[in-house]
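Since the structure comes first, as structure tokens, the remarks are kept for the end.
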Amino acid sequence: MEQALYIYNTLTRRKEVFKPLHAPHVGMYVCGPTVYGDAHLGHARPAITFDILFRYLKHLGYKVRYVRNITDVGHLEHDADEGEDKIAKKARLEELEPMEVAQYYTNRFHEAMDALGCLPPSIEPHASGHIIEQQQLVQQILDNGFAYESCGSVYFDVEKYDKVHKYGILSGRSLENIKDASRELAGVGEKKNQADFALWKAAQPEHIMRWPSPWSDGFPGWHCECTAMGRKYLGNHFDIHGGGLDLVFPHHECEIAQAVASQGDQMVTYWMHNNMITIDGKKMGKSYNNFITLPQFFAGDHERLERGYSAMVIRFFILQAHYRSTVDFSNEALQAAEKGLERLLDAWNALGNITAGPVASAPEVTLDQVKAIEEKSYEAMNDDLNTPIVISNLFEASKLINSILDKKAWVSQEALEALKQMFATFVFDILGIKAGVNAAGDDNSAREEAFGKVVDMLLEQRSKAKANKDWATSDMIRDNLAALGFEVKDTKDGFFWKLNK
């Protein structure tokens with residue numbers, strides 16, 4: 001498979017051939033959660049999007065260092081430079097230590113990500129553990145003349161930076177547009193310009209989370225953490241920075257400005273952004289109070305949910321759309337995704353019941369047909385991770401599998417092994433689907449294997465009863481299994497069964 005990987009670069013607004021700076025090594029940084037509440041469906045999308053990228057880069061043979069941060073300090077309410085730290089506010093409301101809140105929701109985030117089949121990152125740095133690095137970044141920007149101190153806080157001088165460099169290259173916004181949008185905040189007096197953003201904030205007396213610094217006892221601005229930690233673990237220049245589309249401005253725009261102001265040039269080659277999950281056409285998010293948490297999805301515990309949905313159904317639902325497209329939540333869409341996932345997993349299970357060899361008057365499923373589906377699937381992945389096309393190709397392979405199972409086609413042993421390998425590679429290794437996982441994300445594969453053996457044993461007894469013309473026993477086994485939701489299909493080679501939900 002000799003094809004180049006193309007990814008869409010938000011910075012240049014076009015698809016570009018992926019050429020890592022230090023192949024085969026790849027450095028990838030993705031913005032992680034602010035841990036003051038349970039992750040919701042909107043958080044699942046970047047986690048799954050960049051898990052796919054992580055998996056695929058490794059599949060292509062790259063050695064990937066994947067860094068995803070935990071924001072446990074410095075992210076103020078409404079993503080502004082004023083107000084209370086989100087974690088500190090939660091801690092105050094619940095009468096807990098801020099780090100108690102952060103640890104609890106970090107643990108919950110990890111549980112949800114594991115259920116969704118997301119591989120853990122190579123490094124998961126916490127903002128609170130990198131205060132010194134963030135202070136060093138602030139000092140570098142001050143030394144280079146692109147920041148100023150005011151009332152113990154330090155602000156980035158956007159206007160001065162814009163004269164030397166260019167502010168807004170990622171989002172396409174001009175400084176004048178940003179000034180116009182920020183005029184409503186004109187009553188805040190510490191800044192020279194309302195477009196300026198905080199690098200360090202002096203803590204008010206009631207503020208719980210604070211650290212000593214040359215400027216005041218305070219805490220870093222939200223934007224500092226990713227610049228400082230990305231540079232610490234991936235170097236002054238690295239390949240990919242990812243996150244949700246809502247982070248393009250101001251977060252990632254400010255990151256670019258901080259990097260250029262501190263070291264003279266951009267740190268990142270490819271900026272990648274996934275689009276939003278919407279509900280009724282509006283972005284899902286805590287600020288809109290329209291979110292559904294992942295634990296609620298798993299349990300069906302929300303007024304918008306008709307029932308619970310497994311973690312793999314949620315993953316498949318997200319992968320059915322291209323990562324740069326919006327995805328609108330509905331129960332109907334999730335139920336359609338559930339049926340689609342079931343079709344794929346049924347086809348995978350059916351592969352184990354296929355015997356290679358010719359069938360009279362039936363066409364052959366050739367090795368070339370299998371290779372053509374595989375090639376199309378790689379082409380889709382190399383075209384900016386086009387998972388919907390990959391899934392469409394897998395459905396095409398599923399039709400071939402079902403036709404072979406029904407003796408409407410036949411397959412050679414070589415083509416059968418290629419079909420199994422192709423299916424396993426794309427369904428499990430690249431798309432990250434896990435078989436035998438319940439709604440809470442528990443791996444039931446061992447239990448299901450034993451369960452399957454019991455059903456097979458019953459059906460073998462049914463086959464013996466049929467051979468002995470003991471129709472009463474045969475019908476009793478079939479009817480009892482049907483009442484429990486099992487669908488049994490008799491074939492020339494024996495039987496095939498599945499459990500309908």
> What are the aspartates and glutamates whose alpha-carbon lies under 16 Å from the alpha-carbon of K371, with same-chain residues fewer than 8 places away excluded?
Replying inline: E2, E379, E396, E414, E417
> Cα to Cα, under 19 Å, and not fewer than 8 places away if on the same chain: which aspartates and glutamates meet these conditions relative to K282?
Replying inline: D79, D246, E303, D328, E332
> Leaving out same-chain residues fewer than 8 places away, which aspartates and glutamates sit with a Cα under 15 Å from that of K399?
Replying inline: E342, D346, E364, E374
> What net charge is computed for the residues neighbouring L294, neighbours being all others with C-beta under 12 Å from the C-beta of L294, Lys and Arg scored +1, Asp and Glu -1?
Replying inline: -1
>> Taking Rg and Dmax of the Cα atoms in Å straight from the coordinates, which label in (1) 27.0, 93; (2) 22.8, 72; (3) 56.3, 180 is the correct one?
In response: (1)
> Got a sec? Charge dipole of segment 237-298, +1 on Cβ for Lys and Arg, -1 for Asp and Glu; which of F297, C254, H237 is way out at the positive end?
Replying inline: F297
>> Longer than 25 Å from Cα to Cα, which of K166/K191; K86/K201; K407/K464; K58/K434; K15/K179 are they? Say none if no pair is.
In response: K15/K179
> For segment 96-185, with every protein chain kept in place, what is the accessible area per residue (1.4 Å probe, Å²)?
Replying inline: 49 Å²
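Under the rule of -39500 (n - 2.57) per DSSP H run of 4 or more residues, summed and divided by the residues of the chain, what mean residue ellipticity at 222 nm is obtained, to the nearest 500 deg cm²/dmol?
-13500 deg cm²/dmol
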> In nm, what is the difference between 0.36 nm times the number of residues separating F249 and N193 and their Cα-Cα distance?
Replying inline: 18.4 nm
>> With both bridge residues required to lie in the chain, what share of the DSSP beta bridges run antiparallel, to the nearest 5%?
In response: 55 percent
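Taking the Cβ of V26 as the centre, find all other residues whose Cβ is under 13 Å away and add up their charges (Lys, Arg: +1; Asp, Glu: -1).
The answer is +4.
The values are calculated or read from the model by the stated rules, or taken from the named source; none is laboratory data. Please read these numbers as outputs of a predicted model, since none were measured by experiment. Glycine gets a Cβ as well: all are built from the backbone with ideal geometry, and neighbour counts include every protein chain shown. Note: accessible area is taken over every heavy atom of the protein model, side chains too, but ligands, DNA and RNA are not part of it. Shrake-Rupley method; radii C 1.70, N 1.55, O 1.52, S 1.80 Å.
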